[in-house]
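Since the structure comes first, as structure tokens, the remarks are kept for the end.
Just so you know, all these numbers are worked out from the coordinates, no wet-lab data involved. Here the structure is a predicted model, which is why all the values come from computation and not from measurement.
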Amino acid sequence: MILNLILWYGVGWIVIVGKHSALVIGGGIAGLQASLDLAKMGVQVHLIEREPRLGGHTPLLHKISPTMEDAEKLMKPIIQDSTQHPNVKILPYSEIKAVAGSKGNFKVRVLKKARYVDEEKCTVCGECEKVCPVDVPKEYEMKLRTRKAIYLPSPYPVPAKYLIDRETCLYFRDGSCHACRDACPENAVIYEQKDEKNELHVDAIAVATGFKEYDAEKAGQYRYGVYRNVITGMEYERLCSPSGPTKGKIVRVSDEVKPKSVAYVLCVGSREEENNAYCCRIGCLAALKHAYLLKAQYGDEAEAHICYTDIRTVGKKAEEFYRKVRESGVNLVHGQPSQTRERPDKSLTMDVYDLATSKLLSITADLVVLEVGLEPHVDLEQKLKIPLDEDGFFMVTHPKLATTETPIKGIFLAGTVQQPMDIAETTAHASAAAMKALISMQK
């Protein structure tokens, strides 16, 4: 089977013939790794990402535990290699609409959403953004910082051009504003721009749609979404990051002052019969890293409490990092806290029975950080016709011997859409998926 790319130009579907091809769904670290591996083996890769940027969750992190590498620097080479490889065609801001066919002849309908900005004309001057009257809270940044309805996505936008968020733009809501169009010196703002329809014919599909965080509001006892100083681990990462809302300063969210005490709660939405029974695999190391970063920034001026069910530090250098964090003065409490309560000064208190000392403790903290579980992005279940396993992940043909192969021949899984994984496991799994996809093309 060779590639057929079909484009809709308003008069019909136009077919362009190519070579062996694969579709990779998801532009996070798993999708990028699978795409790059396939491209290096001579396969024409179409990488579809629903967001207008690449990298998924990883570049939003500050450091990678336990090595404490810079997350953005870790991502930069793989993103550069993927975007510059001649065999990789990236379709950002796009969605899968339908999948038909079988191994060697999949037909995939793709909708590339309108940006309402001409990518060729846009010079990224920023004049449009300066005049936009709409403020939209940035993702994971706790309403500390905002963006405009017309904005440049970050990090790693593809392409590095502005786009309009239709849901918040006043022009699309009620027609009351066209300030960005008036301000653009290149006439690049096009409110009439339409979505673009594509159809791909490919030999194989790699699904790398990744994960989403467990909704912390479901853990009602912690009052996430009610008290501003209760945040998730990903939001805490943005506090730690120099590219985050506080330029890397860890602060109390409600007033942006230095915290005297921070409590980290593990297994929120993990290892629970009523929610997700499985372990998220990354929460323990994330909490250790978060406490380590607090101590590195403030030393003995800030207390760090980790409330845990079990500490699971699996992987190379992980146990050594665990010992290093314990020696830094972090307080480890073996128990799950009860309800979070807010005091008049906006500090928070929690009671927790410490199984290690058989004592009931009361913890007062300026920040409570919930290390939430992971859930797979399986929105494409019906379109791909891949069944789900008992934990809600896409099913594989064998949980030990074939962790990349689905019951649908020619469709493979890469990364955390198959099960919780850390970054090292994710990239290795993505490479394995790429190899399996390549093998399937040769049969």
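Overview of values
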{"read-out": "Beta bridges per DSSP with both ends in the chain, % antiparallel, nearest 5", "value": "60"}
{"read-out": "Segment residue 362-residue 191, length gained on full extension (0.36 nm per residue, minus Cα span)", "value": "56.0 nm"}
{"read-out": "Convex hull of Cα atoms in the range 322-361, direction-averaged projection (nm²)", "value": "3.8"}
{"read-out": "Per-selection Kirkwood Rh - the range 136-207 (Cα, Å, 1 d.p.)", "value": "15.0"}
{"read-out": "Gain upon complete extension [residue 381, residue 217; 0.36 nm per residue less C-alpha separation]", "value": "56.5 nm"}
{"read-out": "Contour minus Cα-Cα distance for residue 121 and residue 339 (0.36 nm per residue)", "value": "73.1 nm"}
{"read-out": "Relative contact order, percent, the range 319-419 [alpha-carbon distance under 8 Å, six or more residues apart]", "value": "14"}
{"read-out": "Kirkwood-based shape ratio for the range 152-261, expressed as Rg/Rh from alpha carbons", "value": "1.08"}
